[in-house]
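Working notes, beginning with the structure itself.
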Number of protein chains: 2
Amino acid sequence: MVRTSNARQDAVEAAVRLFRTQGYSATGLTQLLEESGAPKGSFYFHFPGGKEQLALEALQVFGSELRGRIQRRAAATAPGDEPAFVRALFEATARELEASDYTAGCVASNLGGELSSGNRTIADAVNGAVQSWVEAIADGVANRFETREAAITYAATVMASLSGMRTMARAQRSTAMFAAIADVLVTSLPPAPAKKSGSDTN
Amino acid sequence: MVRTSNARQDAVEAAVRLFRTQGYSATGLTQLLEESGAPKGSFYFHFPGGKEQLALEALQVFGSELRGRIQRRAAATAPGDEPAFVRALFEATARELEASDYTAGCVASNLGGELSSGNRTIADAVNGAVQSWVEAIADGVANRFETREAAITYAATVMASLSGMRTMARAQRSTAMFAAIADVLVTSLPPAPAKKSGSDTN
DNA sequence: ACCATATTATGGTGATTGCCATAGTGTACC
DNA sequence: GGTACACTATGGCAATCACCATAATATGGT
């Protein structure tokens, strides 16, 4: 119960929202604090690391939210249902884009594009978030692959496609391609294994 | 030879370079003009539309350069060599990233991420560039598909994966995944057609 | 009631942002 | 040699940038 103040959380949530729609550099601290309702006076009390610290926390929050959503879908995927799992990932992204009128970008993608070249700390955090999503996707398709490495490779392909499609769809203001592209990726999913139950003794 | 001044071209080239590594908002006009050697006094003479016009021209230049590279590879692709074409696209992106020490981002991706939500003009230009790349990729794999639509869908998948992988690789400072991901996409390439020569009368 | 700490207000720092008006210089053509 | 036009220098615009020092206030535990 310690102390009560939602200023910190408000600021981070606003950062997530704004970094998604306009990126890092275009988002000023003033706009951020105004929209969040958080007081300006306490910003450097809560975030002594300044704007960069805020970005790291926003990345963390956005990262684990998305990871949670993927993990939930992966856990609900029965052996054999992997195609539906892959399709659901694209479907969910498409719905989110439509619901947001194509403003829902990706924090990791935006921060990465602007800061990967010059800020190793942020680059590492971006990479960490992305890798956690890849792992979660790999969990959802693991049954189709013999090695973890192969599952990771496939999951990375799905992740890259999702990220790239999000960017393309935002510019195009259309989600028309999502379903068809999910089909392409389902095509390269290996057939379900014979389940080591018996008949394949060699 | 009308007039001679490379100020315009210098500015656009610097814009391409800087928008690739740090994006739009993080790139100030001062930095841009300093690095390009172009004089500050004539900026609004050459670009009355200001920074946005510069962005549109940078997008145009970057877009047609990349399209040219894809088209050249597509034209050099013999029927049956489509897997090599797809692999070459990933290979080229990987080499470019390594050569630039992972600073070589994508102008369209960066401008899209920062401005798609609020600037329809830029969003349309981004979409135009991306669609031209998709078309060019589709030309390179056309032999494997019965309809143009199917080729475009596959090409869009490749494009999205390339874009997403570029972002991921920049944050990770590694191109280790590129070859394996190209393999995944080659897997979902349909087999070469029987070449309407004879044996398939039905 | 008191103290320690958590949180915020206020007001300002210098630097930089994109943009522009005005004046001037260069070169080409007649 | 003079006119027209392409180009650039200069200087400054108001606005915003991230950041911070200082002081005031709120709120907890004791």
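The values are calculated or read from the model by the stated rules, or taken from the named source; none is laboratory data. The structure displayed is predicted, hence computed values, not measured ones. Neighbour counts run over all protein chains shown; Cβ positions are idealised from the backbone, glycine included. Surface accessibility is based on the protein's heavy atoms, side chains included, excluding ligands, DNA and RNA. Shrake-Rupley method; radii C 1.70, N 1.55, O 1.52, S 1.80 Å.
Couple of notes before you dig in:
- Residue among B:GLU13, B:GLU52, B:GLU91, B:GLU57 that alone is within 16 Å of DNA strand C (Cβ to nearest atom) and more than 14 Å from chain A (Cβ to nearest Cβ): B:GLU57
- Residue within region B:137-147 that is more than 8 Å from chain A (Cβ to nearest Cβ), of a type in the set (Phe, Trp, Tyr) and part of a helix (DSSP H, G or I) present: no
- Unmet criterion (only one of (1) open to solvent by less than 40 Å² (accessible area, probe 1.4 Å); (2) among the hydroxyl-bearing types (Ser, Thr, Tyr); (3) assigned to a helix (DSSP H, G or I); (4) touching a residue at least 24 places away in the same chain (Cβ under 8 Å)) for B:THR175: (3)
- Residues satisfying the stated conditions in region A:16-46, i.e. among the acidic types (Asp, Glu) and either within 13 Å of DNA strand C (Cβ to nearest atom) or in contact with a Lys or Arg (Cβ under 7 Å, 6 or more places away or on another chain) (or both): A:GLU34
- With respect to being of a type outside the set (Lys, Arg), more than 16 Å from DNA strand C (Cβ to nearest atom), within 30 Å of A:SER188 (Cβ to Cβ) and surrounded by 22 or more Cβ atoms within 10 Å (Cβ to Cβ), A:LEU66 falls outside the description.
- Residues (within 9 Å of chain A (Cβ to nearest Cβ) and part of a helix (DSSP H, G or I)) located in region B:117-127: B:ARG120, B:ILE122, B:ALA123, B:ASP124, B:ALA125, B:VAL126, B:ASN127
- Whichever residue in region A:128-165 is of a type in the set (D, E, K, R) and in contact (Cβ under 8 Å) with a residue 12 or more places away in the chain and, among such residues, is least open to solvent (accessible area, probe 1.4 Å): A:ARG144
- Annotation note: of A:ARG20, A:ARG73, A:ARG69, the sole residue that is touching a Cys at 6+ places or on another chain (Cβ under 8 Å) and at pLDDT 95 or above is A:ARG20.
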